[in-house]
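J.: Would you mind keeping the following structure in view while I ask a few things?
The values are calculated or read from the model by the stated rules, or taken from the named source; none is laboratory data. Being a predicted model, the structure only gives us computed values, none of them experimental. Neighbour counts are summed over all protein chains in view; Cβ atoms, including those assigned to glycine, are modelled from backbone coordinates with ideal geometry.
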Amino acid sequence: MWEVTLRVAKTALGVAVVGGLLFSGAAAVGATAVPGGTIKLWAPNGGFGGTVVITGAIGDYGKAVKANSAGKADNRGSYTSLVLKKGTILIDGSQLRAAVQSAQSTDFDAVTCSGSETVTAPVPIVSGTKAYAGISGSVTATATFVFIAPLTSSGKCNTSTNAKLVEGLEAISGLGPVSFS
């Protein structure tokens, strides 16, 4: 029975997606692009080296690279260059990085040695190239980190800053307005 329900759900989803594409394509023919608006930024695993997706007023994806204030790759830099398909966007992640470094778990479980940390900070947009030339704005970003700490030889949770985690995941999402000059 669930197989039939799944097949019906997949068919309905397929019809909805095709209909949405047709409708949005038809609407786009008569529409003119309005620069700026609200964007959402998504970056799994802290973003560095992984895929970054921006939706909303900007629809693009690419990689996040640590950079200096000039946008040049720099592993010690406090800026991030979003190297996207249509251009680059340089953001100042120093406030978010500072918040992450000083974060404390508020839900650490000493029985399972697991917990999470969540911080929020502004991430100003510094500059852009190509399609993003003249961009400005700021994204309010939230970084969430979940982890499982290792055990010490006596069987207690090892919460030392030097301890290698059993596992950990980080995701960053953000929302904010952008404009183009």
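J.: Return a yes/no flag: does segment 116-133 have any residue that is among the charged types (D, E, K, R) and in contact with a Phe, Trp or Tyr (Cβ under 7 Å, 6 or more places away or on another chain). So that I can check it myself, show each step before the final result.
T.: The first filter runs over segment 116-133 and keeps only residues among the charged types (D, E, K, R), leaving 117, 130.
Filter once more, so that each one left must be in contact with a Phe, Trp or Tyr (Cβ under 7 Å, 6 or more places away or on another chain): 117.
The answer is yes, given that some residue of segment 116-133 is among the charged types (D, E, K, R) and in contact with a Phe, Trp or Tyr (Cβ under 7 Å, 6 or more places away or on another chain).
J.: I would also like to ask the following. Of all residues in segment 160-181 being β-branched (Val, Ile, Thr) and touching a residue at least 12 places away in the same chain (Cβ under 8 Å), which is surrounded by the most Cβ atoms within 10 Å (Cβ to Cβ)? Give the derivation first.
T.: Taking segment 160-181 as the starting set, the residues that turn out to be β-branched (Val, Ile, Thr) are 161, 166, 172, 178.
With touching a residue at least 12 places away in the same chain (Cβ under 8 Å) added as a condition, the list becomes 166, 172, 178.
Details: 166: 13, 172: 25, 178: 22.
If we take residues in segment 160-181 being β-branched (Val, Ile, Thr) and touching a residue at least 12 places away in the same chain (Cβ under 8 Å), then 172 is surrounded by the most Cβ atoms within 10 Å (Cβ to Cβ).
J.: Does any residue of segment 149-158 turn out to be crowded, with 16+ Cβ neighbours inside 10 Å, touching a strand residue (DSSP E or B) at 6+ places or on another chain (Cβ under 8 Å), of a type outside the set (Gly, Ala, Ser) and assigned to a loop (DSSP other than H, G, I, E, B)? Can you show your working first?
T.: Let us first name the residues in segment 149-158 that are crowded, with 16+ Cβ neighbours inside 10 Å, namely 149, 157-158.
Then keep just the ones that are touching a strand residue (DSSP E or B) at 6+ places or on another chain (Cβ under 8 Å); that gives 149, 157-158.
Filter once more, so that each one left must be of a type outside the set (Gly, Ala, Ser): 157-158.
Still in the list and also assigned to a loop (DSSP other than H, G, I, E, B): 158.
Yes - at least one qualifying residue is present in segment 149-158.
J.: So, one more: Quick check, is residue 136 over 30 Å from residue 35 (Cα atoms), modelled with pLDDT of 95 or more and either part of a strand (DSSP E or B) or in contact with a helix residue (DSSP H, G or I) (Cβ under 9 Å, 6 or more places away or on another chain) (or both)? Explain how you work it out, then say what you get.
T.: Working: over 30 Å from residue 35 (Cα atoms): no; modelled with pLDDT of 95 or more: yes; either part of a strand (DSSP E or B) or in contact with a helix residue (DSSP H, G or I) (Cβ under 9 Å, 6 or more places away or on another chain) (or both): yes.
So residue 136 does not fit the description; no.
J.: Is at least one residue of segment 107-123 at pLDDT below 95 and β-branched (Val, Ile, Thr)?
T.: no
J.: Restricting attention to segment 61-90, which residues are touching a helix residue (DSSP H, G or I) at 6+ places or on another chain (Cβ under 8 Å) and either under 18 Å from residue 123 (Cα atoms) or outside the structural domain of residue 121 (by TED's automatic domain parsing) (or both)? Reasoning before the result, please.
T.: Here is the first cut: in segment 61-90, the residues touching a helix residue (DSSP H, G or I) at 6+ places or on another chain (Cβ under 8 Å) are 78-79, 84, 86-89.
Across segment 61-90, the qualifying residues are 78, 79, 84, 88, 89.
J.: So, in segment 35-54, exactly how many residues are among the polar types (S, T, N, Q), farther than 14 Å from residue 140 by Cβ and either surrounded by 14 or more Cβ atoms within 10 Å (Cβ to Cβ) or touching a His at 6+ places or on another chain (Cβ under 7 Å) (or both)? Don't jump to the end; show me each part of the working.
T.: Step one: list which residues in segment 35-54 are among the polar types (S, T, N, Q), which gives 38, 45, 51.
Then keep just the ones that are farther than 14 Å from residue 140 by Cβ; that gives 45, 51.
The next check asks that each one be either surrounded by 14 or more Cβ atoms within 10 Å (Cβ to Cβ) or touching a His at 6+ places or on another chain (Cβ under 7 Å) (or both); those that pass are 45.
Looking only at that region, the number is 1.
J.: Can you tell me how many residues within segment 33-60 are in contact with a Ser or Thr (Cβ under 6 Å, 6 or more places away or on another chain) and within 23 Å of residue 144 (Cα to Cα)?
T.: 3
J.: Taking the condition of being assigned to a strand (DSSP E or B) and either outside the structural domain of residue 67 (by TED's automatic domain parsing) or closer than 30 Å to residue 152 by Cα (or both), how many residues in segment 91-127 meet it?
T.: So the first thing to find is which residues in segment 91-127 are assigned to a strand (DSSP E or B), and the list is 91-92, 109, 114-127.
Among the residues that remain, those that are also either outside the structural domain of residue 67 (by TED's automatic domain parsing) or closer than 30 Å to residue 152 by Cα (or both) are: 109, 114-119.
Residues meeting the conditions: 7.
J.: Looking only at segment 28-61, count how many residues are at positive phi and modelled with pLDDT of 95 or more.
T.: Initially, segment 28-61 is screened for residues at positive phi, giving 36-37, 45-47, 49, 56.
Now restrict to residues that are modelled with pLDDT of 95 or more: 37, 56.
Residues flagged as at positive phi and modelled with pLDDT of 95 or more within segment 28-61 amount to 2.
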